Amino acid sequence: MNGNTRPSPWTTSEAIRTYASGALWTAGLVLVFVVGHGPDQAGWWRIRTDAAGWVFLAGALVGGWNFFPKGVRAARTLRLDMNFLMTAAIAGAVLIGEPLEAAAIAFLFSLAELLESSAVVRARHSIDALLRLAPEVATLVAEDGSERTVPASDLRAGERVRVRPGEKVPIDGVVVEGQSGVNQANVTGESVPVAKGVGDPVFASTLNTDGFLEIEATTDAGDTTLHRIARLVREAQSKRSPTEQFVQKFARYYTPAVTAAAVLVMAVPPLLGLGTGLMWFERGLTLLVIACPCALVIATPVTIVSAITSAARHGVLIKGGEYVESLGATCAIAFDKTGTLTLGELHVTDVVPLGDMSEDRLVRLAATLERRSEHPIAEAIVRYASETGGLREEGWTVEDFRAHPGLGVTATVDGARVAVGTIELLAPADGARGFGDHFDALQRAGRTVVVVARDGVPLGLIGLADALRPEAPGVLARLRREGVHHQILLTGDQNYAARAIGDAVGVDEVMAELKPEGKVAAVREIVRAHRGAAMVGDGVNDAPALAAADVGIAMGGAGSPATIETADIALMADDLNMLPYARRVSQLARRLVRFNIAFALGIKAILAVGAVGGFVSLIVAVLVGDMGASLAVTLNAMRLARLKPRQAGDPPRGDHVA
């Protein structure tokens, strides 16, 4: 379960050549400046200097071998890149008799490449490190109740394991015995242990804090939630964002252009009698080194990789650089109601029988149909019937059951057609007639109203309510302060219930009584009307609407493999506070990308002017214009790791906002 380990960039053959190149360059400097100086050692000076030249050449060859073959291929195919620029610069330095500069370019450029590779691999390794948190062994429970220790990687769905206090959960599963607190921060980002009891899901690598748990595995060892997260993060890191694609395209034109500029610097001034050819040749070489687009090319990917990895460590799974950039640009967000702004736990609050129908019989009849449905309303009615002893069907014959998405369910019960659902399930002409004032009263109270009718004749009403997430108003207010100026509530629920929730959280617009296709149409209209629009829902039921948005964000991804697969961004914990955090990660990443690109171009422009004027040497060019700029944009991108989530009521802190 530990996942695949990747070799460290510091132990590769390229790294070894870099170390050797640095050692040779240092040895050459020692020969020149330590051994062979002094007026009385003129003979030795020449010998030592000649020896130093050969050492420098060896250093240039060893370090340059990391990119010489690529540079030659680039020249042959006329697809000039940074490897070509550095190869040409080293060759030119040797030709003009500057082996020290050639060795410096080879070593420092190789070192810059190594540092960049290390930064990216380090970010990617932090995801692989999560897999290594899972235990190596598990306590397997046999059918006779006996225990034996087995490798966790051998566990299969359906098997049972026991996890004692202080041990890590070895597999995704469901608790079948016991109760405890489980710290699942490395999957969902939640900092506080979550209470787990019979029927609750648990995830591999999470820590059982204080109680005994027996768990039935729901996945094989290689397909846990953590494995899916790691796989999707790797895929996301490999996808190029729109900005990265633009920079790559820009670099294809930029490199030939600066190569041509360097050739002109070498050739034109001597022809005009403005200096020696050797002087301008060296300045042209310096311009080649400065113009190397290394920092420019890595400015975006290293930032995007850092953003995706940092977010994943806090329980936010972002599927690619495109969504990192898109979320930060959103100015409108559409929210599903049930399970997103509310807790998604509907409860029956009112039962209103009509005529000679009793309350108990009304609940039993509704539950008889709803137990065949998986809708949250159906589950609430069935749960209420079970709690009140009304789950039996009294020997009714149920036939021709049908579910009507967004409306309810119908079936033939003992020869009569029974409908349980919204008012629209009745004949449109009937409307709310036959319910007296009860229907309007329940709606005004903010209840979701379910009608029960037989052959079109109203039998009664059932009112349900869903508790608002306590953090929802604060989260939406924070999003508004941070630039999300248009917030819309989309729901299939009835208008009064939707408006009660909408008023409580402060959305700008409420769109209620939407069927699934209506939600999709509404999201498409929001996307057309606003510069950037996201949709937040609670999983698979909202998948079509999530797909219609610029960015689809799913709540509670840790509990639903399908949600992880379908959403652009998955908030692994069922915590709305993670939405502003995800957007801040995106916004900071966008700012860092823009700054890094501007910095890379700006520093190169300043140095280029200095190079043409003779104020910048080859060594300064590679130290500042290449390695220095590359290291600066890399370290700047790593600032994303400092960004942490905060709760809705927390005041802003310096380590939260860039």
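Consider segment 205-218 and keep the residues that are open to solvent by 20 Å² or more (accessible area, probe 1.4 Å) and among the hydroxyl-bearing types (Ser, Thr, Tyr). The one that is modelled with the highest pLDDT is Thr218. Could you say whether any residue in segment 328-345 is over 39 Å from the mean Cα position of the chain (by Cα), in a strand (DSSP E or B) and over 30 Å from Arg590 (Cα atoms)? Within segment 328-345 (the criterion being over 39 Å from the mean Cα position of the chain (by Cα), in a strand (DSSP E or B) and over 30 Å from Arg590 (Cα atoms)), the answer is no, since none of the residues qualifies. Can you tell me which residue within segment 567-584, out of those that are over 13 Å from the mean Cα position of the chain (by Cα) and open to solvent by 10 Å² or more (accessible area, probe 1.4 Å), is modelled with the highest pLDDT? Ranking the candidates gives Asp575 first. In segment 102-120 there is at least one residue matching the filter, namely being under 19 Å from Leu288 (Cβ atoms), at pLDDT below 80, open to solvent by 40 Å² or more (accessible area, probe 1.4 Å) and outside any loop (DSSP other than H, G, I, E, B). Remark: pairs (first residue in segment 138-149, under 20 Å from Asp172 (Cα atoms); second residue of a type in the set (Gly, Ala, Ser) and open to solvent by less than 100 Å² (accessible area, probe 1.4 Å); Cβ separation under 6 Å; 6+ apart in sequence or on different chains) = Ala138/Ala152. Pairs are defined by a Cβ separation below 6 Å, a sequence spacing of at least 6 or placement on different chains, a first member in segment 73-97 that is surrounded by 15 or more Cβ atoms within 10 Å (Cβ to Cβ), and a second member that is assigned to a loop (DSSP other than H, G, I, E, B); the pairs so defined are Ala74/Leu80; Ala74/Asp81; Met82/Cys292; Met82/Pro293; Asn83/Phe67; Leu85/Cys292; Met86/Phe67. Return the residues of segment 245-302 that are surrounded by fewer than 21 Cβ atoms within 10 Å (Cβ to Cβ), under 23 Å from Gly320 (Cβ atoms) and among the small types (Gly, Ala, Ser); say none if nothing qualifies. Across segment 245-302, the qualifying residue is only Ala251. Residues in segment 497-536 that are assigned to a loop (DSSP other than H, G, I, E, B) and either open to solvent by less than 40 Å² (accessible area, probe 1.4 Å) or at positive phi (or both) were compared, and the one that is modelled with the lowest pLDDT is Gly532.
Note on segment 67-86: residues that are charged (D, E, K, R) and in contact with a helix residue (DSSP H, G or I) (Cβ under 6 Å, 6 or more places away or on another chain) amount to 2.
Checking the structure you have, find out if any residue of segment 315-334 is over 30 Å from Pro580 (Cβ atoms), open to solvent by less than 10 Å² (accessible area, probe 1.4 Å), in contact with a helix residue (DSSP H, G or I) (Cβ under 8 Å, 6 or more places away or on another chain) and among the β-branched types (Val, Ile, Thr). The answer is no; no qualifying residue exists. Only one of the numbered conditions (1) open to solvent by 60 Å² or more (accessible area, probe 1.4 Å); (2) touching a helix residue (DSSP H, G or I) at 6+ places or on another chain (Cβ under 8 Å) is violated by Gln494, and that is (1).
The values are calculated or read from the model by the stated rules, or taken from the named source; none is laboratory data. A quick note: this is a predicted structure, and the numbers were derived from the prediction, not measured. Virtual Cβ from ideal backbone geometry, glycine too; neighbours counted across all protein chains shown. What goes into the accessible areas is simple: the full protein's heavy atoms, side chains included, and nothing from ligands, DNA or RNA. Shrake-Rupley method; radii C 1.70, N 1.55, O 1.52, S 1.80 Å.
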